[in-house]
């Protein structure tokens, strides 16, 4: 059992509680992750990349079914968020929230976890952890997506230096 702060506000008899004030207790599979697994992944993300073994796993997940694709897409999203916070361009999210995202990535990266990934239903636990983190940290993830649309996506477009007024027809 791990105790952590959830990422969503909760509404109870006393009204709305902020995520920082709400403690939620639930069993977690993230206890399978050691500091030896977290540190290299965190270092790689701080350098702006994912380890090659993890990229290979994400490619295999992308080629899988819808559940596998969900895991792959959210891993890439979580990694992008952590890279943007590491380089200082995205400044939202607490250290606890960032560690939660890193632990989920490390869990997905791990092949021999609660349900080994080579088994037929081997990614069910990975999907469950990914879904829990996505739900708990929905506010942070939404803020990151909005930030990315404002700051990163326009730079990818050809002619991004053209003002919005000149683009209107």
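Since every read-out is calculated from the coordinates, none of them should be taken as a lab result. Predicted, not measured: the structure shown is a model, and the values here were computed from it. Backbone-built Cβ (ideal geometry, glycine too); neighbour counts: all protein chains shown.
Quick rundown of the values:
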quantity	calculated
Label-point gap, in nm, between residue 53 and residue 112 - each point 7 angstrom along Cα→Cβ	1.1 nm
Extension gain from residue 147 to residue 87, taking 0.36 nm per residue of separation minus the Cα-Cα distance	20.2 nm
Whole-number percent relative contact order across segment 28-146, with pairs defined as alpha carbons under 8 Å at least 6 apart	31 percent
Centre separation in Å (Cα based) which lies between segment 23-84 and segment 115-141	10 Å
Inter-probe distance in nm under a simple model that places probes 7 Å from Cα toward Cβ, at residue 131 and residue 67	0.9 nm
Order of 108, 153 - criterion: other Cβ atoms within 10 Å of each residue's Cβ, fewest first	153, 108
